[in-house]
Amino acid sequence: MTATETKLKGCFIIEPRVFQDDRGYFFESYNQQIFNNLIGKPVNFVQDNESFSSRGVIRGLHFQEGEFAQAKLVRVIKGSVLDVAVDIRKDSPTFGQHIAIELTEENKRQLFVPRGFAHGFSVLSDTAIFSYKCDNFYNKNAEAGILYNDQSLNIDWKIKPEEAQLSEKDIILPTLEVYFK
């Protein structure tokens with residue numbers, strides 16, 4: 001397993017070592033000891049989540065506030081998504097910047113999104129099964145988000161606007177500027 005830090009400090013692309021032969025493949029998707037050594041700090045995941053979505057679905061940009069903030073380790077089990085992390089740490093030199101990486105069932109990449117980031121993804125394949133580990137429990141009262149098509153973020157979701165499928169909740173999220181006013 002390898003970890004490559006992105007331009008956003010603390011956000012890592014994780015690539016497992018995949019063993020493949022005529023029977024199929026095997027890989028270790030998570031090992032706490034190796035993971036913590038790779039990113040340079042201990043992270044204790046306490047909750048696993050999974051979603052199923054169709055092509056064009058955009059989920060995000062979500063985060064939990066305050067003491068309920070969550071770090072996430074995300075991956076795709078089936079299909080392909082464009083995964084996006086936005087730095088919302090007000091004191092960060094990369095505040096308001098984002099990274100976007102394609103996670104697929106073939107490349108088996110994972111993205112570690114630390115606390116202090118908004119996160120979302122768009123589904124590029126016909127369907128996708130998306131899995132993520134969280135280091136804090138979900139709290140409905142602490143959920144927050146940033147509008148997916150905020151002009152200041154300029155995120156290319158690789159989905160045509162007319163094909164985008166969003167929840168009612170995600171359509172009315174504030175922009176980064178409004179949220180952090």
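Please treat every number below as a calculation from the coordinates, not as lab data. Source: prediction; values computed, not measured. As a convention, Cβ positions derive from the backbone with ideal geometry for all residues, glycine included, and neighbour counts pool all protein chains shown.
Computed quantities for the displayed model
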{"quantity": "Which of V178, V113 has the fewest Cβ neighbours within 10 Å, and the rest in rising order", "calculated": "V178, V113"}
{"quantity": "Within the chain, helix-based [θ] at 222 nm, where runs of 4 or more DSSP H residues each add -39,500 (n - 2.57), nearest 500", "calculated": "-2000 deg cm²/dmol"}
{"quantity": "Sequence ranges 2-11, 59-68, ranked by mean other-Cβ count within 10 angstrom, highest first", "calculated": "59-68, 2-11"}
{"quantity": "Cα-based Rg of segment 2-179 normalised by 2.2 N^0.38 Å, two decimals", "calculated": "1.01"}
{"quantity": "By average C-beta atoms within 10 angstrom, highest first, the peptides 118-124, 156-162", "calculated": "118-124, 156-162"}
{"quantity": "Mean separation of Cα contacts under 8 Å (6+ apart) over length of segment 37-171, as relative contact order %", "calculated": "39 percent"}
{"quantity": "Diffusion constant of segment 57-126 at 25 °C, which comes from Stokes-Einstein with the Kirkwood Cα-pair radius and 0.890 mPa s, µm²/s", "calculated": "196 µm²/s"}
{"quantity": "Estimated inter-spin distance, Q165 and E65, nm [label 7 Å along Cα→Cβ]", "calculated": "3.0 nm"}
{"quantity": "Virtual spin-label span in nm between I129 and E106, 7 Å along Cα→Cβ", "calculated": "1.9 nm"}
{"quantity": "Using a Förster distance of 22 Å, the FRET efficiency for Q151-T94 (Cβ separation, nearest 0.05)", "calculated": "0.75"}
{"quantity": "Gap separating the Cα centres of segment 83-111 and segment 1-61, nearest whole Å", "calculated": "12 Å"}
